[in-house]
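Participant: Before I ask anything, here is the structure I am working with.
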Amino acid sequence: MTDFEVYTEAQYQESARALRELAGDFRPRVLLILGSGLGGLAEAVEDPVTVPYGQVPHMKRSTVADHKGQFVFGRLKNTPAAVMQGRLHTYEGWSPADAAYPVRLIRLLGADTLLVTNAAGAVNTSFSPGDVMLITDHIMLFGMSPLRGPNLDAFGPRFPDMSHVYTPALQALARSAARDLGITLQEGVYMFFPGPQYETPAEVRFARLAGADAVGMSTVPEAIAAAHCGMRVLGFTLCTNMAAGVLDQPLSGDEVVAAAEAAGPRFSALVRRCAAGL
Ligand code: HPA
């Protein structure tokens, strides 16, 4: 028995069957999970077919105001993609397994790659607000694993290796895409904090000592689930602000959304370029 909801393989299969039908048997190769500021990228999808999360059995819905809560299936350049407009965060009350649910679903539809983005606070003092950071690794000390509970061997092993969650070859692709576009690309370690409150200055100092370059409230549950089922992962962080205590000023959600929107076109160009090469 567990004190939280666990999903069975049959539930994933049932969701995948329903989603396949709703998406007109479209076979995505790549799943894009887009964080704040990038929701508009779904408009670049050609011949889009939209499926609201609420129509997929067993899948939870995003409650965040600027997250739409739907899949958009179609081609990004030539890459068959499933784009998530809005993700499920654990701070909304969803479990890590809920947050990671769509990763396994889209895996069942045939995707082998996850491209994931988020907005976060910069911990590395050499970064500036508006910087894009390529995620090279992550830290999750304060949050449950999406793999907690009985292991579903059909997806992956009980104790999966996490040495290369963020696929080195895709990091190389990202560096070269950034170079081609003339975009400065920072690199570093993303540290998960459960939120929804922003971190305290002491927590940010701790994160820096622990080796983090940015702190945020998403991405890691999805990346762990993707690595578990053998998917390649490429992750980007948009540093919308310096993390708490770096500057002597309070953080506000409005400021984060405004910074994400301002950086949107540049960030979106980079992500589109990478998606085309996946
Ligand atoms: N901390 C956590 N999540 C965030 C931040 C932050 O400073 N900025 C945007 N998302």
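The values are calculated or read from the model by the stated rules, or taken from the named source; none is laboratory data. Since the structure is predicted, the reported quantities are computational estimates derived from the model, not experimental observations. Cβ atoms come from the backbone with ideal geometry, glycine included; neighbour counts cover every protein chain shown.
Participant: Which of (1) part of a helix (DSSP H, G or I); (2) within 14 Å of the ligand (Cβ to nearest atom); (3) surrounded by fewer than 21 Cβ atoms within 10 Å (Cβ to Cβ) is the odd one out, the single condition Arg272 does not satisfy?
Facilitator: (2)
Participant: Hey, among Val256, Val220, Val189, Val233, which residue is in contact with a helix residue (DSSP H, G or I) (Cβ under 8 Å, 6 or more places away or on another chain) and either more than 20 Å from Gly35 (Cα to Cα) or of a type outside the set (Asp, Glu) (or both)?
Facilitator: Only one candidate qualifies: Val233.
Participant: Still on this structure, I have one more. Can you name the number of the only condition in (1) under 25 Å from Leu147 (Cβ atoms); (2) in contact (Cβ under 8 Å) with a residue 40 or more places away in the chain that Ala18 fails?
Facilitator: (2)
Participant: Spot the failing condition for Glu199; the list is (1) out of contact with any Phe, Trp or Tyr (no Cβ under 8 Å at 6 or more places or on another chain); (2) more than 20 Å from His164 (Cα to Cα); (3) of a type in the set (Asp, Glu), and only one is missed.
Facilitator: (1)
Participant: Can you tell me which residues in segment 64-122 are within 14 Å of the chain's Cα centre (by Cα) and within 16 Å of the ligand (Cβ to nearest atom)?
Facilitator: Answer for segment 64-122, where residues must be within 14 Å of the chain's Cα centre (by Cα) and within 16 Å of the ligand (Cβ to nearest atom): His67, Gly86, Arg87, Leu88, His89, Thr90, Ala99, Val116, Thr117, Asn118, Ala119, Ala120.
Participant: Just to verify a result, which residue in segment 123-146, among those that are away from the ligand (no atom under 16 Å from the Cβ) and in a loop (DSSP other than H, G, I, E, B), is surrounded by the fewest Cβ atoms within 10 Å (Cβ to Cβ)?
Facilitator: Looking at the filtered set, the residue picked out is Ser126.
Participant: Failed condition for Asp213, given (1) free of Cβ contacts under 8 Å to residues at least 40 places away in the same chain; (2) surrounded by 23 or more Cβ atoms within 10 Å (Cβ to Cβ); (3) of a type in the set (Asp, Glu), with all others met?
Facilitator: Condition (1) is where Asp213 drops out.
Participant: Shifting gears a bit: Can you say whether Gly149 is away from the ligand (no atom under 15 Å from the Cβ), surrounded by fewer than 22 Cβ atoms within 10 Å (Cβ to Cβ), at pLDDT below 95 and not hydrophobic (A, V, I, L, M, F, W, C), as far as the supplied structure shows?
Facilitator: So Gly149 passes the test.
Participant: Considering only helices (runs of 4 or more DSSP H) fully contained in segment 160-259, which possess at least 3 residues that are over 23 Å from Pro28 (Cβ atoms) and within 10 Å of the ligand (Cβ to nearest atom)?
Facilitator: Because the criterion is at least 3 residues that are over 23 Å from Pro28 (Cβ atoms) and within 10 Å of the ligand (Cβ to nearest atom), the helices (runs of 4 or more DSSP H) in segment 160-259 that meet it are 201-210.
Participant: Is there a residue in segment 206-215 that is among the β-branched types (Val, Ile, Thr) and under 24 Å from Met84 (Cβ atoms)?
Facilitator: Checking segment 206-215: at least one residue is among the β-branched types (Val, Ile, Thr) and under 24 Å from Met84 (Cβ atoms).
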